[in-house]
Amino acid sequence: SWIASKQAGVNPYVLENMDVTSSEELAERRHANRALLAIIGKTLEKHADVIEKMTSVVFFADADGMVLLLAEGGVTNAAFRQFGTRVGGVWSEEVTGTSAIALCVKHRTLIQLVGPEHFQVSMQDHLTTAAPIFADDGALLGVIATTTLHNKVGSGLSHMQPYMIGWTLSLASSIENENKLRQHRGEDEAGYRGYLRRMMEGEGYVVIDRDGTVVDVLGARKGSLLGGWTPGHPIGEYLD
């Protein structure tokens with residue numbers, strides 16, 4: 001990956017992610033992913049205290065590595081703040097060099113990079129973990145990534161490696177499962193609406209108020225069950 005990054009001409013010493021998408025394209029991508037972003041936002045709200053206490057940043061990047069959402073804790077590394085924490089930034093080997101997000105998108109599997117494994121110098125005191133999020137059909141929806149200071153002055157945080165893996169996988173699993181539930185709910189609702197349309201096309205429907213009085217009869221054919229029902233009459237006139 002480092003070789004690919006170098007061949008792409010990535011400068012590991014720059015302090016700015018130069019490839020930031022236009023506001024129009026970013027808005028389009030966020031709109032296209034709005035339902036998923038809402039789920040991610042609610043999930044990250046539940047983890048706000050953890051994000052803050054662990055001086056972490058949590059990213060969601062789409063299947064092209066473009067950051068569409070982030071939640072930022074108390075990150076104190078000025079170089080990282082300048083380079084990495086921006087919505088609309090693109091994380092790929094061709095743009096930012098070797099990173100957990102870029103490798104997760106490329107290989108569609110859990111990736112964790114420790115400190116100097118990152119290509120960018122500004123990332124080399126960070127521990128970054130990225131996990132893929134898939135749709136029901138196996139399509140890659142994007143990547144959830146967590147990053148935290150790995151060598152904060154006076155304390156090494158290498159012991160955090162397994163915990164960050166577990167936490168990141170937990171976030172990804174929660175988001176993925178909730179998104180699948182949302183899709184199934186939508187499919188069920190669409191099927192139910194289709195059933196109602198077919199029913200109304202066939203027999204019509206009746207609106208009845210809380211006192212059992214017929215308020216309206218719509219779409220009823222002559223000779224059908226509802227064909228002789230009249231608004232203003234009690235339902236007891238037509239049913240036992």
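Just so it is clear, none of the values below were taken in a lab; they were calculated from the coordinates. Everything numeric here is computed off the predicted structure, so don't read it as measured data.
Backbone geometry of region 127-133 corresponds, through the Karplus equation with coefficients 6.51, -1.76 and 1.60 at θ = phi - 60°, to 3J(HN,Hα) couplings of 10, 10, 10, 10, 10, x, 10 Hz, x marking Gly and Pro.
Across region 37-51, computed HN-Hα scalar couplings (Karplus, 6.51 cos²θ - 1.76 cosθ + 1.60, θ = phi - 60°) run 5, 5, 5, 5, x, 5, 5, 5, 4, 5, 10, 4, 5, 5, 4 Hz from first to last residue, x flagging Gly and Pro. Karplus-based coupling profile of region 138-143, in residue order and whole Hz: x, 5, 7, 7, x, 9, with θ = phi - 60° in 6.51 cos²θ - 1.76 cosθ + 1.60 and x standing for Gly or Pro.
Close amide H partners of PHE134, meaning residues 5 or more places away or on another chain with modelled amide H under 5 Å apart, are LEU141.
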